[in-house]
Amino acid sequence: MALWKSSSTHLPLVGLLSLLLLNPTTTTTTTTAIRLHLIQKPTPSASTNNIPAFREAPAFRNGDTCTSRKEDIIHIVMPLDVNYIRGTMAAILSILQHSTCPENVSFHFLLVHLEPEIFSLIKSTFPYLTFKMYRFDPNRVRGKISKSIRQALDQPLNYARIYMADILPIDVKRVIYLDSDIIVVDDIAKLWGADLSDKVLAAPEYCHANFTTYFTNNFWSDVNLARTFEGRHPCYFNTGVMVVDVDQWRKGGYTQKVEEWMKIQKQKRIYRLGSLPPILLVFAGNIKAVDHRWNQHGLGGDNFEGKCRGLHPGPISLLHWSGKGKPWLRLDSRRPCTVDYLWAPYDLYRSSRVALEE
């Protein structure tokens, strides 16, 4: 595990989005200047032969108002997949850059393969980052995953969020779970401070969405299954951004409750998406709602074509490229959407072309 010791001075985020659209290279913090150098690509192995190279990130430091107490640590859980690692690196940078107390942010990465090359890559890109890596055993979901509408949703790691309460150390009581295709443009401590009251989970709710479409006719035509939401007012929420009381998750046996729905799905085909619907079946209508600014989702378009979408009205603290289209792929193909230029300033990827020029 690496120890974070570096620094930044947090500045207000007034007009960030319009500023980035006008000048994609603009940042909102004053950083300690450090030498950037090429991170050598690790020796290829069976699961790491597609790892790209990244520049070393700037160093960030806590502000004067920060403390170093254990209870001030912000625990962030993220899946780590070689295919999405470019997004993960950008997400980490955005979180640190906009944190008032970046030294207090601790990352927990869930991987299918614990490769030393991945550890070295993170360490060399973020030399002072506090992080741990945990193996998610895909056998946990063997025989439980049903084919969905998009292949990426069927990968075992997509289900790791369901098991994080079992994987993380027992002294980790609360976490923020984040997908790899996000950018944070506000102080993550604000989301961390969400009052869960007596709820296990907090996330932005979208009650205007047609909730019935997340489940098939097989679900709604079965009287017993359709009664699942009796006494609740179920609303859609995106599981890519969640504040979770993992201690209460453990005590309530929620992993097993979600798994029960996955078993029913195998028998009756009650939904078409991946790990989202079984979590909705357990929690929808019984979560703590937080401001929509913390998940400007759907920027990757739909699950079939990934067509461009614009921003929703209102303030934004987190941008989420959920859907098929990922910003790094669209930028590389030279067919970016306008919103992808908001992701670009956080991209630490160093292409082989740039490396050769240097």
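In the stretch 97-109, the count of residues that are in contact with a helix residue (DSSP H, G or I) (Cβ under 7 Å, 6 or more places away or on another chain) and either assigned to a helix (DSSP H, G or I) or under 21 Å from Lys324 (Cα atoms) (or both) is one or more. Would you pick out the residues in the stretch 195-240 that are of a type in the set (Ser, Thr, Tyr), out of contact with any helix residue (DSSP H, G or I) (no Cβ under 8 Å at 6 or more places or on another chain) and on the phi < 0 side of the Ramachandran plot? Result: Thr213, Thr216, Ser221. As a summary of the residue check, Thr100 satisfies the conditions (1) within 19 Å of Leu318 (Cβ to Cβ); (2) hydroxyl-bearing (Ser, Thr, Tyr); (3) crowded, with 22+ Cβ neighbours inside 10 Å except for the one numbered (3). When the stretch 135-169 is filtered for residues that are outside any loop (DSSP other than H, G, I, E, B), acidic (Asp, Glu) and either out of contact with any Ser or Thr (no Cβ under 7 Å at 6 or more places or on another chain) or at pLDDT below 90 (or both), only Asp154 remains. Of all residues in the stretch 120-129, which are assigned to a helix (DSSP H, G or I) and open to solvent by less than 20 Å² (accessible area, probe 1.4 Å)? Within the stretch 120-129, Leu121, Ile122, Thr125 meet the criteria. Just checking, does the stretch 229-236 include any residue being closer than 24 Å to Val77 by Cα and among the small types (Gly, Ala, Ser)? So far as the stretch 229-236 goes, no, none of its residues is closer than 24 Å to Val77 by Cα and among the small types (Gly, Ala, Ser).
Would you say Lys132 is open to solvent by 40 Å² or more (accessible area, probe 1.4 Å), in contact with a helix residue (DSSP H, G or I) (Cβ under 6 Å, 6 or more places away or on another chain) and either within 28 Å of Gln248 (Cβ to Cβ) or modelled with pLDDT under 95 (or both)? When the stated conditions are applied, Lys132 does not pass them. The number of residues in the stretch 312-344 that are open to solvent by less than 70 Å² (accessible area, probe 1.4 Å) and in contact with a strand residue (DSSP E or B) (Cβ under 9 Å, 6 or more places away or on another chain) comes to 13. With respect to (1) farther than 20 Å from Trp321 by Cα; (2) under 24 Å from the mean Cα position of the chain (by Cα); (3) modelled with pLDDT under 90, the lone exception for Thr30 is condition (2).
Candidates in the stretch 63-81 are the residues that are in a loop (DSSP other than H, G, I, E, B) and of a type in the set (A, V, I, L, M, F, W, C); of these, the one that is farthest from the chain's Cα centre (by Cα) is Cys66.
The values are calculated or read from the model by the stated rules, or taken from the named source; none is laboratory data. On a predicted model such as this, the values are computed, not experimentally measured, just so you know. Reconstructed Cβ throughout: ideal geometry from the backbone, glycine too, with neighbour counts over all protein chains shown. For the accessible areas, the whole protein counts, side chains as well, though only heavy atoms, and no ligand, DNA or RNA atoms are used. Shrake-Rupley method; radii C 1.70, N 1.55, O 1.52, S 1.80 Å.
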